[in-house]
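The values are calculated or read from the model by the stated rules, or taken from the named source; none is laboratory data. Everything quoted here is computed from the prediction, not taken from an experiment. Because the Cβ atoms are built from the backbone with ideal geometry, glycine has one as well, and the counts that use them run over all protein chains shown.
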Amino acid sequence: MVIVTVFGAVLKVNFVHILVAETHLKQIYKIYFMRKIIFGFLILLVGCTNNSGTSLDEQYIKVISDDNNTEKLHVNNDISFVQLETSEDCLIGNVINVEITNQYIYVLDRKSFFIFSKDGRFVKKIKRGKGPGELTRALNFSVDENRKEIYIIEMGNILHIYNDLAVYKETYKLDGSFIDVIRLNDDNFILYTVLPHKHEDFLISVYNINSKTIISKYIPYENLAMKDFSILTYNNFFVINDEIYFSASNSRNIYKYAEDSMQTIYSIDFDDLNPSVSYLNKFNNVREFMKMVYIDNYIGFINFSFYFDEFMLVGFKYKDYNCGISYKDENKMYISSVSDLFDLPKTPSFERPYNANGNQIYFVYYNDLLLIDNIQKEEMILEIGDQSIKLTENSNPIIVTVTIK
Amino acid sequence: MKFNSSTFYYIFSIVLVSIIMGLLYNFYKKTEIEFSKKYSLLKNEYKLVEDVLTNNLLNSNSYIGFEFNNKIILEDTALNKISLINVIKSGNILVYRISDTHCSSCDIAGLKSLVSPNVKIPKDRIIVIGSFYNTKLLASYVFENNIVHKAYNLKQSINIRAEEFNFPYFIVVNKDLEVLSCFFPEKSKPYLTEYYLLGIKHLFDN
């Protein structure tokens, strides 16, 4: 009886102790957690200064959908072709991105990264594998012509650096998941996230290679009308005159990196073609939204934006159109299609440019002419303006360069 | 200070019971964590299977009766052109649809199900139709993945709505190019694909 009583008392004491200990632990954890929150808040406060994406010189551009100003809807240009060499070592599939420098043509498809000479001869391919610098799932890449370096984002959280001939240099493991990258300066890279709003609060992160951490974040999702919807786009950064411009699929703004922040320089007003908040609230998933927004004649995602001396070209899908053109010093954007603007054939290969550099726009031509009506033919001639090239079935695509006059 | 035997007994009991309680508490916590992990895993598994079944119930059935255009041209891995109607003229054919734009591991999971010993559909009644920009890419894909079935490349677009999902799928097509059955597999649940393939076996009996 005594033992039972003592055991009961001990049990009670012990239980109370455990409870007390647990309460203490909770308090300690709370203090630790609060410190983490305060620390995180301070980091955000420092890191995200001027990150609202609004700043001076912001220009509003109103989209015009019913102006048939033919002069504005045509851009004089020259065309040139480069047939990429075809061999068992360099069979190109679905191209993700293309970059063209003074020396090379860089192509990333869903499996490999290829380098071709400017006249289309195959130079090199990065091996698939898990060794240093080898690729298993490259998502996107960019090239810094001045530094003669290639940056490849793999699986969203690995950044590989190579020289301009794809000789491996180094790798950084990133905290996050990113779809696009550009070198900001010797120490920092700008990264565009691929994570949806519920997992990430900012579109842009700046990664420092010395501290190997994200040191700043810009453009909060909260400020975006389409914050819950985004798609993978591969031409988000554009460099002209050493200035970095940025656009995202779910933002109506065009940003420029200046004064250590991402600043809005253009705000595009799609007016009644913009899906309303109540319309957006009807959708739970991006796939359904992407389909319906087009059917309901609204403008959904921004697919690309490129800047040239005289105009800005912004990609989006609306009825039979696939882009808008906005001339400098005009606060208007004319809705058009890439094929109409540059006198190109109306085929899938010319629905979107794969990249642009200086006054050149690049397309990947997938031998469209040998499809549909000509499916039984093995060769044909593609003519654009006064230029022509022979198409051969099952050969690598042709890079079509449009040079703006 | 002198300890008597009962003091020692109490202290010993308190220490012993404390240790036992501590161990029990740890055990309880560990079991609770393991249980919540398993529960959440099970919940996710359930949700995934539910999604697969819902997707199939909602979408797959709506493609039954769809008729393919008889002008569709395919290309085999030796780069010979052949019309779809000529490939299917011998009777019902199970088509596994893959593409260069699909998630690669999803396509491969379906290919593995096709060669599972549980699948009793004759090999010559199964074809793989891929969509690759270059048919040579399909040929290298067939080689890399040891595909034992006849594979063809389709460069034209086809207007069956199943294509919109950009995801691999199975369809059974009869000699009139009419869809008899459709299934969207889930790579992490190959047994569901095998159940489907077992369920349609009778369509290839004659």
Residues in region B:133-153 that are part of a strand (DSSP E or B) and either within 12 Å of another protein chain (Cβ to nearest Cβ) or of a type in the set (Ser, Thr, Tyr) (or both): how many? 2
Are any of the residues in region A:117-127 modelled with pLDDT under 95, surrounded by fewer than 16 Cβ atoms within 10 Å (Cβ to Cβ) and over 18 Å from the mean Cα position of the chain (by Cα)? yes
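Rundown of residues vs (1) assigned to a loop (DSSP other than H, G, I, E, B); (2) farther than 28 Å from A:Ile100 by Cβ; (3) of a type in the set (Ser, Thr, Tyr), yes/no style:
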{"position": "A:Ser142", "(1), (2), (3)": "no, no, yes"}
{"position": "A:Asn146", "(1), (2), (3)": "yes, no, no"}
{"position": "A:His160", "(1), (2), (3)": "no, no, no"}
{"position": "A:Glu170", "(1), (2), (3)": "no, no, no"}
{"position": "A:Gly176", "(1), (2), (3)": "yes, yes, no"}
{"position": "A:Ile179", "(1), (2), (3)": "no, no, no"}
{"position": "A:Phe189", "(1), (2), (3)": "no, no, no"}
{"position": "A:Leu195", "(1), (2), (3)": "yes, yes, no"}
{"position": "A:Val206", "(1), (2), (3)": "no, no, no"}
Does B:Ala109 count as in contact (Cβ under 8 Å) with a residue 24 or more places away in the chain, assigned to a helix (DSSP H, G or I) and within 26 Å of A:Asp368 (Cα to Cα)? no
Could you grab the pairs with beta carbons closer than 6 Å, sequence gap of 6+ or different chains, first residue in region A:324-353 and free of Cβ contacts under 8 Å to residues at least 60 places away in the same chain, second one of a type in the set (Lys, Arg) and surrounded by fewer than 19 Cβ atoms within 10 Å (Cβ to Cβ)? A:Ser339/A:Lys346
Test result for B:Gly110, at positive phi, small (Gly, Ala, Ser) and more than 14 Å from chain A (Cβ to nearest Cβ): no
Exactly one of these conditions fails for A:Asn146: (1) surrounded by fewer than 17 Cβ atoms within 10 Å (Cβ to Cβ); (2) within 17 Å of the chain's Cα centre (by Cα). Give me its number. (2)
Among the residues of region B:60-81, count how many are surrounded by fewer than 13 Cβ atoms within 10 Å (Cβ to Cβ) and within 18 Å of B:Ala151 (Cβ to Cβ). 2
Pairs under 6 Å by beta carbon, first residue within 11 Å of chain B (Cβ to nearest Cβ) in region A:78-100, partner among the hydroxyl-bearing types (Ser, Thr, Tyr), six or more apart or different chains? A:Thr86/A:Ser395; A:Gly93/B:Tyr133; A:Asn94/B:Thr101; A:Ile96/A:Tyr234
Expected single match for β-branched (Val, Ile, Thr), under 19 Å from A:Phe202 (Cα atoms), buried (at least 17 other Cβ atoms within 10 Å of the Cβ) and in contact with an Asp or Glu (Cβ under 9 Å, 6 or more places away or on another chain) among A:Ile153, A:Ile179, A:Ile161 is A:Ile153
Across region B:48-67, what is the number of residues that are part of a helix (DSSP H, G or I) and either within 17 Å of B:Glu163 (Cβ to Cβ) or among the charged types (D, E, K, R) (or both)? 9
Looking at region B:154-166, can you tell me whether even one residue there is of a type in the set (Val, Ile, Thr), farther than 23 Å from A:Leu371 by Cα and away from every other protein chain (no Cβ under 14 Å)? no
Tell me, yes or no, whether region B:18-37 has at least one residue that is under 22 Å from B:Lys189 (Cα atoms), away from chain A (no Cβ under 14 Å) and surrounded by 13 or more Cβ atoms within 10 Å (Cβ to Cβ). no
Mind listing whichever residues of region A:200-247 are farther than 27 Å from A:Leu280 by Cα and either polar (S, T, N, Q) or not assigned by TED's automatic domain parsing to the domain that holds A:Glu259 (or both)? A:Asn208, A:Asn210, A:Ser211, A:Thr213, A:Ser216, A:Asn241
By residue number, the members of region A:289-323 that are more than 18 Å from A:Arg252 (Cα to Cα), free of Cβ contacts under 8 Å to residues at least 40 places away in the same chain and within 21 Å of the chain's Cα centre (by Cα) are A:Lys291
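Each row is one residue, and each column tells you yes or no for (1) farther than 21 Å from B:Val87 by Cα; (2) in contact (Cβ under 8 Å) with a residue 60 or more places away in the chain; (3) in contact with a strand residue (DSSP E or B) (Cβ under 9 Å, 6 or more places away or on another chain); (4) within 14 Å of chain A (Cβ to nearest Cβ).
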| position | (1), (2), (3), (4) |
| --- | --- |
| B:Leu114 | no, yes, yes, no |
| B:Ile127 | no, no, yes, no |
| B:Tyr169 | no, yes, yes, no |
| B:Glu178 | no, yes, yes, no |
| B:Ser188 | yes, yes, no, no |
Which condition from (1) surrounded by 12 or more Cβ atoms within 10 Å (Cβ to Cβ); (2) within 11 Å of another protein chain (Cβ to nearest Cβ) is the one that B:Ser6 breaks? (1)
For region B:71-107, which residues satisfy the criterion of being more than 15 Å from B:Val142 (Cα to Cα) and within 12 Å of chain A (Cβ to nearest Cβ)? B:Lys71, B:Ile72, B:Ile73, B:Leu74, B:Asn80, B:Lys81, B:Ile82, B:Ser83, B:Leu84, B:Thr101, B:His102, B:Cys103
